[in-house]
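*Asks:* Got a structure here, written out as C-alpha cells. Questions coming.
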Amino acid sequence: MAREDQTAANEAMLEGQGNIWFCLFRFVETMALKCAVELRVADIIDSHGCPITLSQIASDIGSPSLDLNSLARIMNVLARMKLFDVNSQSTGCDKGLAFRAHVRPSLTFSTLNHLSQSDYKDGFDSVESVVDVGGGSGSTMIEIVKAHPHIKGTNFDLPHVVATAPAYPGVTHVGGDMLESIPHADVIPMQRIMHNWSDEDCIKILKNCRKAIPEKTGKVVILDVGGRRGQSSNGRGYWREEVFRATKLSKFQRWSQSSRPIPSDQEHVQLSS
Ligand SMILES: C[S@@+](CC[C@H](N)C(=O)[O-])C[C@H]1O[C@@H](n2cnc3c(N)ncnc32)[C@H](O)[C@@H]1O
C-alpha cells in the first residue's frame, strides 16, 4: 500500500476508534443531566439571578455528603453540553468558575424533572405482556424484559425490520403494520413513533392500540417529541422540522404544551411523558 493510502487508512481507523469511545461514553451526558435535574441545579442558579459559584450551588443543594469534586465534574460536562455558561472572569468564585443557566429552568429543567417523575409509575410488576409498537430491532423490549423477566415481550415492527432483529429469550418479534392492527398486550409503549405521522394516521394507530389492550386496565405509554409539521417525501407521513433544529429539551417542552386531540373512545389511553 502506498504511504499516503496507509496514512489515510490509519487516520480512518483512529477516527473510527474515537467514534466508538464517543458512543460508549455518551451516557455520561445523560447521567450528568439526570443528576442536575434531581439536584435542582438550574433552579438553584436561577434563584440567585446571577452566576454563582460551585460552593454556592453545593450549599443550596444542602446535602451533608455532597462531594464538591464530583459536582465540579458534573458541571463541567453540562457546561460542555452548553446547558450552563462557565464564567472564569467572575471574582470571588472557587476554582475561578461561576455557573449561569443557559436555559430558563422553569421552561426546561422542571419539564425534565416532571419527565423523570412520569416514568412508567405503576411499574411493570402487575403487567404480563408488553408490545413495543414500532420497536425496531427490539432493543427497548429487550431492556424491559431484562429488567422484568416475568413479562411476555413482543417487538412489533414492519416485517422487513423484524426479519433482521436479534433473538432474545422472552421477546417475540412480530411483523405487521400498526395502521392495520397491533398484537394484544397489557401495555403498549410507543417510542419515537407518533411525531412521524399525520394526525389522521396517529388516530388510526391509537385506535388500533385501543383494540389491542384490555378495556379497563390497558395502557399506552407514548414517549415522543413535538414541533412544527412538514410534509414528508413519501407524501403519507409527516416530519417535524424542529426535530432537526431544536434541542431535545425544547422539543420535549413544546410537545408537553401541545394538546394533540385524542379520539373520544380513547379514554383508557394514557399519554405519559
Ligand atoms: C423512529 S423509529 C423508532 C424505533 C424505536 N421505537 C426507537 O425508539 O428506537 C420508527 C419505527 O417505526 C417503524 N414503523 C414505521 N412504519 C410502521 C408501521 N406501519 N407499522 C409498524 N412499524 C412501523 C419503523 O420501521 C421504525 O422501526
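The values are calculated or read from the model by the stated rules, or taken from the named source; none is laboratory data. Note that the coordinates shown come from a computational prediction; the quantities given were computed from them, not determined experimentally. Neighbour counts run over all protein chains shown; Cβ positions are idealised from the backbone, glycine included.
Yes/no matrix, rows are residues, columns are (1) within 12 Å of the ligand (Cβ to nearest atom); (2) among the aliphatic types (A, V, I, L, M); (3) surrounded by fewer than 19 Cβ atoms within 10 Å (Cβ to Cβ); (4) assigned by TED's automatic domain parsing to the domain that holds R192:
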| site | (1), (2), (3), (4) |
| --- | --- |
| V127 | no, yes, no, yes |
| G138 | yes, no, no, yes |
| M141 | yes, yes, no, yes |
| K152 | no, no, yes, yes |
| L158 | yes, yes, yes, yes |
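*Asks:* From (1) loosely packed, with under 14 Cβ neighbours inside 10 Å; (2) modelled with pLDDT under 75, pick out the condition that doesn't hold for F109.
*Replies:* Unmet for F109, out of (1) loosely packed, with under 14 Cβ neighbours inside 10 Å; (2) modelled with pLDDT under 75: (1).
*Asks:* For segment 193-215, give me each residue that is over 21 Å from I151 (Cβ atoms), near the ligand (Cβ under 10 Å from one of its atoms) and not in a helix (DSSP H, G or I).
*Replies:* The answer is W197, and nothing else.
*Asks:* Here's a follow-up. When you check G170 against the structure, is it surrounded by fewer than 17 Cβ atoms within 10 Å (Cβ to Cβ) and within 13 Å of the ligand (Cβ to nearest atom), yes or no? So that I can check it myself, show each step before the final result.
*Replies:* On the way: surrounded by fewer than 17 Cβ atoms within 10 Å (Cβ to Cβ): yes; within 13 Å of the ligand (Cβ to nearest atom): no.
Spelling it out, it is not the case that G170 is surrounded by fewer than 17 Cβ atoms within 10 Å (Cβ to Cβ) and within 13 Å of the ligand (Cβ to nearest atom).
*Asks:* Here's something else I'd like to know. With D224, D186, D265, D177 as the choices, which residue is under 27 Å from S126 (Cα atoms), modelled with pLDDT of 90 or more and acidic (D, E)? Give the steps one after another, and end with the answer.
*Replies:* Details: D224 fails: modelled with pLDDT of 90 or more; D265 fails: modelled with pLDDT of 90 or more; D177 fails: under 27 Å from S126 (Cα atoms).
The conditions single out D186.
*Asks:* Let me ask something additional. So, of the residues in segment 174-189 that are surrounded by 15 or more Cβ atoms within 10 Å (Cβ to Cβ) and near the ligand (Cβ under 7 Å from one of its atoms), which turns out to be farthest from the chain's Cα centre (by Cα)?
*Replies:* G176
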